[in-house]
Structure formats: structure tokens, C-alpha cells
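Undergrad: Structure below; questions to follow.
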Amino acid sequence: MTSTIIAPSILSADFSRLGEEIEAIDRAGADWIHLDVMDGHFVPNITFGAPVIKAVRGRSKKIFDCHLMIEPADPYLAAFADAGCDIITVHAEATKHLDRSLQAIRDLGKKAGVSLNPATPESVIEYVLDRLDLVLVMTVNPGFGGQAFISSVVDKVARLKTMIGARPIDIEIDGGVTPQTAPLVAAAGANVLVAGSAVFKGGNEQAYADNIAAIRRA
Ligand code: DX5
Ligand code: ZN
């Protein structure tokens, strides 16, 4: 899967050394950096917000792929854009006006993504395909790293691939991605893989490089 984009999730990084960890996965071969923003309301966990992203922006030139697990998201889009997010992804389940949210992200000059929880059908994005740069398919219930991959979601990836057709929309997979599960979703049509615990296990830069390579060659 050499053409697959690998986006390590810093949720599994050592938060006491976040800047160094981002530099380490950059050197270890990460293509994008996946930043999981959680508000303790939309998901049962709290991580960090725009100020932290702003603080670490200078540690890597790689794409900052910002996954907003927050509700509401619209009031904060400008802050995340200003903090240095290159892709801003909102949850379809966290907004009553998905078309407006996606348009607002693009109006800020950023790439617009929508994330779908495991139980959410792909049909919810049928009328916003022209507003999308990325679909983030959750293969775990959002809120935590290290959870088990929900294999029933693989069918959704295949159906999304058909729905998207030739449009320039990335299909990103998030949750429980390992060298064992990566081939399943790549075969179904995913081209971007998020991995947190599978990348950060081992706790040092060489381990990160080995883990990224293992997913990439799976
Ligand atoms: C979960 C996050 C994921 C998570 C992935 O809510 O959105 O990005 O960090 O972690 P792993 O790869 O360990 O499942
Ligand atoms: Zn995520």
C-alpha cells in the first residue's frame, strides 16, 4: 500500500512532550499529523483545543489533519483555521447544518472533511459531495485510542468509494488501524489511514518508524 497516506494520531502520544513527539513522527515517516480534538460533550473524553494546536504548529510542516469531535463546531472553525489546521473535519452527527459547516471551512481556505460514526450511514453525505475534500470513516466509537476495529464498517467504505466515484475526495479511516486491519480498508477503497496506538507503541522514534512502515507495507 505504498500510495496510502499514513496519518498518526497524537492522541496516543506522550502529551507531556507533544512537540517532540510530533517532530519524532514527522521524521519517522508520517505523511499527515492527525489531531483529535475532544470536548467531553460530543464524546466522553476531553483532549485539547486550538491553543495547543497553535503551540505545536511550528514543530512540523506536514499537513495538520484536525478531527473535531466537538458540538457545536461552527463557532470554533475560525480558531482552528487560525491555529494552523490544514484539514478541518466535523462530525455529521454534531451539526444540524452540515452543508453550512463545510462551506464555512472552505470559506476559511481550509480543506473540508466530514466524519461518520460507525452507526451513521454514508447516505448522510449524498447532497454535500461537492463541498467535501475528505470523508473520515470511524471504525471505532470516537473518544479513545486503543479500541477494537469495528469490521462491519468496511462495507460502508466500499459503498462510499462507489458513491464518490471520480471526485477528488479522500477516504480516511480512523480507529483500530493496524497492519492486520489496514489491508481490509485499503482494499475497500480507503487512501488515508489514521493510526494512534499502532504507531506510538514502543515510545521512541525508531519504533514509530518501524510501526509506520509495517502499516504502509501491510
Ligand atoms: C478516536 C480518534 C482516533 C484514535 C485512533 O476518537 O478519533 O483518531 O486516536 O486511535 P487508535 O489508532 O489507537 O484506534
Ligand atoms: Zn481521530
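A short reminder: the numbers here are calculations on the coordinates, not readings from a lab. Predicted, not measured: the structure shown is a model, and the values here were computed from it. Positions of Cβ are backbone-derived with ideal geometry, glycine not excepted, and every protein chain shown enters the neighbour counts.
Undergrad: Do the conditions hold for T178, that is, is it in contact with a helix residue (DSSP H, G or I) (Cβ under 6 Å, 6 or more places away or on another chain), among the polar types (S, T, N, Q) and surrounded by fewer than 23 Cβ atoms within 10 Å (Cβ to Cβ)?
TA: Here the answer is yes, as T178 does meet what is asked.
Undergrad: Restricting attention to the stretch 184-199, which residues are surrounded by fewer than 21 Cβ atoms within 10 Å (Cβ to Cβ) and over 15 Å from V137 (Cα atoms)?
TA: Once the filter is applied, which keeps residues that are surrounded by fewer than 21 Cβ atoms within 10 Å (Cβ to Cβ) and over 15 Å from V137 (Cα atoms), the stretch 184-199 yields only S197.
Undergrad: Here is a follow-up. Here is a check on your reading of the model: is A83 surrounded by fewer than 18 Cβ atoms within 10 Å (Cβ to Cβ), touching a helix residue (DSSP H, G or I) at 6+ places or on another chain (Cβ under 7 Å) and within 14 Å of A50 (Cβ to Cβ)?
TA: Against the criterion (surrounded by fewer than 18 Cβ atoms within 10 Å (Cβ to Cβ), touching a helix residue (DSSP H, G or I) at 6+ places or on another chain (Cβ under 7 Å) and within 14 Å of A50 (Cβ to Cβ)), A83 does not qualify.
Rundown of residues vs (1) of a type outside the set (S, T, N, Q); (2) surrounded by 21 or more Cβ atoms within 10 Å (Cβ to Cβ); (3) within 20 Å of G176 (Cα to Cα), yes/no style:
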residue	(1), (2), (3)
P8	yes, yes, yes
A30	yes, yes, yes
M38	yes, yes, yes
T47	no, no, yes
K54	yes, no, no
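Undergrad: For the stretch 121-132, indicate whether the set of residues that are more than 11 Å from ligand 1 (Cβ to nearest atom), closer than 22 Å to A198 by Cα and surrounded by fewer than 20 Cβ atoms within 10 Å (Cβ to Cβ) is non-empty.
TA: no
Undergrad: Of the conditions (1) surrounded by fewer than 17 Cβ atoms within 10 Å (Cβ to Cβ); (2) on the phi < 0 side of the Ramachandran plot; (3) in contact with a helix residue (DSSP H, G or I) (Cβ under 7 Å, 6 or more places away or on another chain); (4) of a type outside the set (S, T, N, Q), G202 clears all except one; give me its number.
TA: Going through (1) surrounded by fewer than 17 Cβ atoms within 10 Å (Cβ to Cβ); (2) on the phi < 0 side of the Ramachandran plot; (3) in contact with a helix residue (DSSP H, G or I) (Cβ under 7 Å, 6 or more places away or on another chain); (4) of a type outside the set (S, T, N, Q) one by one, G202 breaks only (2).
Undergrad: Return the pair list, or none, for Cβ contacts closer than 8 Å from residues in the stretch 2-19 that are over 11 Å from D31 (Cβ atoms) and within 11 Å of ligand 2 (Cβ to nearest atom) to residues that are of a type in the set (S, T, N, Q) and assigned to a loop (DSSP other than H, G, I, E, B), at least 6 apart or on different chains.
TA: L11/T47
Undergrad: Looking only at the stretch 176-187, count how many residues are closer than 17 Å to A158 by Cα and either within 14 Å of the chain's Cα centre (by Cα) or of a type outside the set (S, T, N, Q) (or both).
TA: 7
Undergrad: Name every residue in the stretch 176-190 that is more than 16 Å from ligand 2 (Cβ to nearest atom) and touching a residue at least 24 places away in the same chain (Cβ under 8 Å), in order of residue number.
TA: First, the residues of the stretch 176-190 that are more than 16 Å from ligand 2 (Cβ to nearest atom): 179-180, 183-184, 186-189.
If the condition is that a residue be more than 16 Å from ligand 2 (Cβ to nearest atom) and touching a residue at least 24 places away in the same chain (Cβ under 8 Å), then P179, Q180, P183, L184, A186, A188, G189 are the ones that fit.
Undergrad: Within the stretch 25-40, which residues are assigned to a loop (DSSP other than H, G, I, E, B) and either in contact with a helix residue (DSSP H, G or I) (Cβ under 9 Å, 6 or more places away or on another chain) or of a type in the set (D, E) (or both)?
TA: Once the filter is applied, which keeps residues that are assigned to a loop (DSSP other than H, G, I, E, B) and either in contact with a helix residue (DSSP H, G or I) (Cβ under 9 Å, 6 or more places away or on another chain) or of a type in the set (D, E) (or both), the stretch 25-40 yields A28, G29, A30, D31.
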